[in-house]
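Only one structure is covered here, and it is reproduced in the block below.
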Amino acid sequence: MRQFFASMSQRTRMAFVIGLLLIAGIVGAASWWIMHPPYGVLFRDLRESDAAEISASLDQMQTPYRLADEGKTILVPEAQVYETRMKLVSQGVPKGGSVGFELFKDSDYGVTEFAQRVNFQRALQGELERTISALDEVASARVHLTIRRSDLFSPDQDPSKASVTLNMRPSKHLDAREVAGIQRLVASAVEGLSSDAVVVLDDKGMVLSGYSAEGQNGAMNSANLDAQSQMENQLRARVGDLLHRVLRTDNFTVSVNVSFNYDHVKHVREQLIGQGKDGNGLLVREKTNSTGHAGDEADVDHTKGSTSTDREVEYAHGREQEEVDQAPGRIGRVSVGIVIPATLPAGEIIKLTDVVSAGLGLDASRGDKVDIAAIAPPEAVATATSNSLDSAVAAHAEAASASNASASEDAGASSVAASRYWWIYPSIVALVLLLVGALLMAMRTSTPRRLTMSEREAALLRLRQWIETTEVER
């Protein structure tokens, strides 16, 4: 070995040492990679209680795991992801923070009727919470029920009521139809509960359902919201089509607000009908009473007598009664705001206002209004500056969102990438080994090998013999 190193030049020795270090580093990295397999996502977006329950179960199963995303994501070795998940599901982990009808799995026959009723209510609430939490937009849900109790001695009781609190996922929301579906789901699962008696709140305490404190439908329930949105979209599309034909461009903004009147109004009007010749009505009864005394026989002209007459007349009048019941859902007022470029004169803007009002069928007496504002566009320099600033801000926001997304999905993406490109590491190791071998071979062929002492003496002897032979020939 010493002779092997002695026969190398200084450059060859350095290359040999560097090659050994590279090989040692590659072998160490490969060993570490083999000893630390890639991890895959077992569960993500977990609550703290669910993450703690899953971690305890993994400790009992002696399965290695890691926590990521501030404890909301649990990672396990990628080869054990599906197996571990099936084991946890078979054990009922995670339970989601609520209990269902498995509460009656081990029933106690000595429990009282009140305890049974409370357990049934808890189980029903837990099952509803699990069903609602299965929606893509809902992260978690809490359900509270007030179930009507059937009692023989008190039949008149308040109806059943329910309240639902939803914790929404980031950038997710529920529309009116989905909220109405949750109300019907809860109402169908509870006896004596109507969908109008189900209050749905979001995680900010905002009421999502059209429920009032008195148990009646609110002014803006799900169907009303859908009708209002549909009407506004239709009017907006109609105005947009009209402006596009007039302006020959889409550089305008249209805002439509439609307010509906959902009050139940009933008008009752009663009036008399004039009948008869004089319009006082039909004559039903007439009575005339005359009182007084006559004069003497000598009084031929009856100047000394006195009489009085009373006349009582009763008429029958006709009555006309009219009842008008106005159905709810009438349009209360329509407001339209339009912003267009400053390309039209004032006279044409007034005409355009009249055309829009006529096209939408607006009623000025009802309070409908159309306002068209012609705003001049900004200057070219300011536009360019604002565009560059907006592009810079957009690029910065995009970069920030990309970094946040990459940071949040780093664990899952790295494990997926490692499992997809597992063949890269052996290829790199083989390539490095080939490069090191080729470098050593090139250095050995390019650098002449140094002769040993015996080889030097033999070479000198041959050189002397060759010189002596040359001199003799001369």
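Listing for the model above:
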{"read-out": "Heavy-atom accessible area order for Arg44, Arg269, largest first, 1.4 Å probe", "value": "Arg269, Arg44"}
{"read-out": "Phe252 - accessible surface, heavy atoms, 1.4 Å probe, Å² rounded to 10", "value": "40"}
{"read-out": "For Leu201, residues with placed amide H under 5 Å, excluding near neighbours", "value": "Val164, Thr165, Leu166, Leu208"}
{"read-out": "Ser229 accessible area, assembled protein chains, probe 1.4 Å, Å²", "value": "50"}
{"read-out": "Difference of contour (0.36 nm per residue) and Cα-Cα distance, Ser308 to Thr470", "value": "39.0 nm"}
{"read-out": "Label point distance in nm, His264-Glu102, each placed 7 Å from Cα along Cα→Cβ", "value": "4.7"}
{"read-out": "Gain upon complete extension [Asp354, Ala79; 0.36 nm per residue less C-alpha separation]", "value": "91.9 nm"}
{"read-out": "For the stretch 17-30, Karplus couplings with θ = phi - 60° (6.51, -1.76, 1.60), whole Hz, Gly/Pro x", "value": "5, 4, x, 5, 5, 4, 4, 5, x, 5, 5, x, 5, 5"}
{"read-out": "FRET efficiency, 1/(1 + (r/R0)^6) with R0 60 Å, evaluated for Ile23 and Glu457 via beta carbons", "value": "0.95"}
{"read-out": "Calculated FRET efficiency for the pair Ala56/His173, C-beta based, R₀ 30 Å, to 0.05", "value": "0.30"}
{"read-out": "Carbon + sulfur, % of accessible area of the stretch 99-146 - ligands and nucleic acids excluded, 1.4 Å", "value": "54"}
{"read-out": "Heavy atoms of His36: accessible area, 1.4 Å probe, square angstrom to 10", "value": "80"}
{"read-out": "Amide H within-cut-off set for Asn261, under 5 Å, with H built and near neighbours excluded", "value": "Gly329, Arg330, Ile331, Gly332"}
{"read-out": "Environment charge at Arg269 (Cβ cut-off 10 Å; Lys +1, Arg +1, Asp -1, Glu -1)", "value": "-4"}
{"read-out": "Karplus (6.51, -1.76, 1.60) ³J(HN,Hα), θ = phi - 60°, over the stretch 34-44, in Hz, Gly and Pro reported as x", "value": "5, 6, 10, x, x, 9, x, 7, 8, 9, 9"}
{"read-out": "HN-Hα J in Hz across the stretch 175-192 - Karplus 6.51, -1.76, 1.60, θ = phi - 60°, x for Gly and Pro", "value": "8, 5, 5, 5, 5, 5, x, 5, 4, 5, 4, 5, 5, 6, 8, 10, 6, x"}
{"read-out": "Cβ-based net charge around Gln326, under 12 Å, with every Lys or Arg adding one and every Asp or Glu removing one", "value": "-1"}
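The values are calculated or read from the model by the stated rules, or taken from the named source; none is laboratory data. These figures come from a predicted structure and were not determined experimentally. Virtual Cβ from ideal backbone geometry, glycine too; neighbours counted across all protein chains shown. To get the accessible areas, we keep the full protein, side chains included, count just its heavy atoms, and leave off ligands, DNA and RNA. Shrake-Rupley method; radii C 1.70, N 1.55, O 1.52, S 1.80 Å.
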